[in-house]
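To start, the structure itself, in structure tokens.
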Amino acid sequence: MSERRFCGLWPDRHSVRAAIPGGFIAVVATAMSILIGNALAAEPNGRPHKSMAENPPEVETAPNVEAAPKKLFETHCSACHSLELPRSQHLDRDTWRWVMDDMVNKYGATWITEKQQERILDYLVEHYGPQSQ
Amino acid sequence: MKKSLEVHDQLRELLVENGASGDDLDRFDTVMSRRRFLAGLGGGGTALSLFGFGAGAEMVLQGLFGRGMIPAAWAAEAVKAAQIEGKPGMIVHSPRPVNGEFPPHLLNDDVTPTKRHFVRNNGLVPQRAKEQNPQGWMLTIDGEVRQPLKLSLEELMQMPSATYQACIECGGNGRANFNPPVRGNPWDRGAIGCSEWKGVPLRDLLQRAGLKDNAVYTAHEGEDPPIGAAPPFSRGIPIDKAMEAHTLVAYQMNGEPLHAMNGYPVRVVVPGWIGSASQKWLTGIRIRDEVHDSEKMTGYSYRIPEYPVPPGTRPPESVMKILTAWQIKSLITQPAADTKANTGKRIAVRGHAWAGENTVDKVLISTDYGVSWKAAKLTQPANKYAWYHFDSDVSFDEKGYYEIWARAFDQRGNAQPFRQPWNPKGYLGNVIHRVPVFVDV
């Protein structure tokens, strides 16, 4: 299993890796690649995708991974707390931006790229805006 | 299957190395078994697990585990439909961190039972609290004192104690009534409790330690693991309030050891002030020679603008001031919202009123949208800072939709507003309580 499997899933990986000792990475990388290999093998409709498992998708060619704002939201915003926290809100764009900035700058959600933040923001404003129920 | 078991073990080892708590490991195991099940099924669920894992891996890499963080997505199944032990019927705004309140009609008791006392957590619940295990717990009092103290629970409990009923209310209680909506847990009216607390007056501890002349403020420390890279939750109070007789370092709630969610084994009780002053899972009080300046004392956290700002605007940080006492407020606990009644029948109206550092002067009741009012019977509190109770009755001559309103006044003439004044994070909401009733012939 090669570290290549990280590619495309986490665009921030270089900066993250730079800060971490190599041995540590190696273990996680191995563990992750096995797992991700397995999971991808069963996507998207239960049919094994051998080629995907060997050659994971890049950001651009993996709409299910990177493009779906709902998935991005559910993935990143559930990392620390339940999704009920954001889902109970009814905020305008400026306030959602303020929340996002706090999550990234104060609470450590630094791995969410600016591009991902923008997508998540669009999603939040659309579904959890001031008029939402 | 064998492969994924190995993965499980390897990742688990990593978590242990990175200081994940036993609780986190339990959650990890639960979710990993769930994950294998999903992987077996294939299809949609797998994608979600994979994504959850993505963010989780990032956190492992950043060494954020052991700071109380594990992807909640992994455990979504485990915490769904959260029922918090010992808090039946609680409206849970968020299971992680636990935040929940009770609807007003469940707060009818004169003294709030532990099972009905709200929970507002910024971080996670310490393992010690879950296990009700006092072993190894110590309270440190240091900073600007002549003789720092270190006390075990036993030593604390041997000191002379005091017992008071005390209102503890989350600074954000009432946030759901702000318009435009503001960020934060959407507390309606139930993030308040008035339970009976027993403990050592903080001033006795401070006197024993000997305050230096430059002592200005307290800084409270607890053992609740923070979430993500958030700093440990900490707030403090001015020395005057710390030396006030009713401010306690409490180890009993309603005659029992503290509930895990309410701060076991020891918490501060700062009656009448916003709840965040009443640090739970207390381990230390540091006396400072300046105003405490933790994350939750600065910026927009638990602070409001010095002057009223237009709704929906955010003034610069420099005009934000630290929140202290609550203001005049009341809660109708009977009848419940949307009660069905019959014409000509007497309906008992009951509730509580409280006023922070002030006293409650009167509570008025209206059933015609504030056109006419009648005074409710007011019962005095058990002690300073406890709930006043009010009783009245109303009846309706004709079929229809009505609202029962309650409006409390303090001794200074301050009263609850008809519309909620606005501030950027929705603190100190005290708009009058309106209870809908449906009347039929």
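The values are calculated or read from the model by the stated rules, or taken from the named source; none is laboratory data. From a predicted model like this one, the values you see are computed outputs, not experimental measurements. Here the Cβ positions follow ideal geometry from the backbone for every residue, glycine too, while neighbour counts run over all protein chains shown.
Annotations for the structure displayed:
Yes or no, residue by residue, for (1) in contact (Cβ under 8 Å) with a residue 60 or more places away in the chain; (2) assigned by TED's automatic domain parsing to the domain that holds B:ILE304; (3) in a loop (DSSP other than H, G, I, E, B); (4) of a type in the set (Asp, Glu):
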residue	(1), (2), (3), (4)
B:PHE390	yes, no, no, no
B:ARG412	no, no, yes, no
B:ARG419	no, no, yes, no
B:ARG434	no, no, no, no
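- Filter result for B:VAL360 (within 20 Å of B:ILE168 (Cα to Cα), outside the structural domain of B:ARG303 (by TED's automatic domain parsing), in contact (Cβ under 8 Å) with a residue 12 or more places away in the chain and crowded, with 16+ Cβ neighbours inside 10 Å): yes
- Any hit, segment B:322-333, residues being surrounded by fewer than 16 Cβ atoms within 10 Å (Cβ to Cβ), outside the structural domain of B:LEU106 (by TED's automatic domain parsing) and either touching a Pro at 6+ places or on another chain (Cβ under 7 Å) or more than 25 Å from B:TRP273 (Cα to Cα) (or both): no
- Only a single item in (1) within 22 Å of the chain's Cα centre (by Cα); (2) under 16 Å from B:HIS433 (Cβ atoms); (3) not aromatic (Phe, Trp, Tyr) is not met by B:ALA386, and it is number (2).
- Options B:PRO71, B:PRO134: the member that is assigned to a loop (DSSP other than H, G, I, E, B), more than 24 Å from B:SER301 (Cβ to Cβ) and modelled with pLDDT under 95: B:PRO71
- Residues that are under 26 Å from A:CYS80 (Cα atoms) and touching a Leu at 6+ places or on another chain (Cβ under 6 Å), drawn from segment B:225-255: B:PRO225
- Condition check for B:LYS384: in a loop (DSSP other than H, G, I, E, B) and touching a Pro at 6+ places or on another chain (Cβ under 8 Å): yes
- Members of segment B:330-360 found to be of a type in the set (Lys, Arg) and in contact with a strand residue (DSSP E or B) (Cβ under 6 Å, 6 or more places away or on another chain), listed by number: B:LYS340, B:ARG346, B:ARG350
- Subset of segment B:238-268 (residues that are over 18 Å from B:LYS115 (Cα atoms) and either surrounded by fewer than 24 Cβ atoms within 10 Å (Cβ to Cβ) or not polar (S, T, N, Q) (or both)): B:PRO238, B:ILE239, B:ASP240, B:LYS241, B:ALA242, B:MET243, B:GLU244, B:ALA245, B:HIS246, B:LEU248, B:VAL249, B:VAL268
- Residue match in segment B:216-231 (condition: of a type outside the set (Ser, Thr, Tyr) and over 30 Å from A:ASP101 (Cβ atoms)): yes
- When the residues of segment B:88-131 are filtered to those that are assigned to a strand (DSSP E or B) and not aliphatic (A, V, I, L, M), the one that is nearest to B:ALA209 (Cα to Cα) is B:ARG120.
- B:ALA229 satisfies every condition listed in (1) in contact with a Ser or Thr (Cβ under 6 Å, 6 or more places away or on another chain); (2) within 14 Å of another protein chain (Cβ to nearest Cβ) except (1).
- Condition check for B:GLY172 on (1) within 21 Å of B:VAL269 (Cα to Cα); (2) not in a loop (DSSP other than H, G, I, E, B): one failure, at (2).
- Pair list, Cβ < 6 Å and 6+ apart or interchain, from segment B:120-143 residues that are in contact (Cβ under 8 Å) with a residue 60 or more places away in the chain and buried (at least 20 other Cβ atoms within 10 Å of the Cβ) to residues that are β-branched (Val, Ile, Thr) and part of a loop (DSSP other than H, G, I, E, B): B:GLY123/B:ILE227
- Selection count, segment A:70-89, where residues are within 7 Å of chain B (Cβ to nearest Cβ), part of a helix (DSSP H, G or I) and more than 16 Å from the chain's Cα centre (by Cα): 2
- Residue check, B:MET157 out of contact with any Leu (no Cβ under 8 Å at 6 or more places or on another chain) and under 14 Å from B:ARG267 (Cα atoms): yes
- Scanning segment A:90-112 for residues that are part of a loop (DSSP other than H, G, I, E, B) and within 8 Å of chain B (Cβ to nearest Cβ) yields a total of 9.
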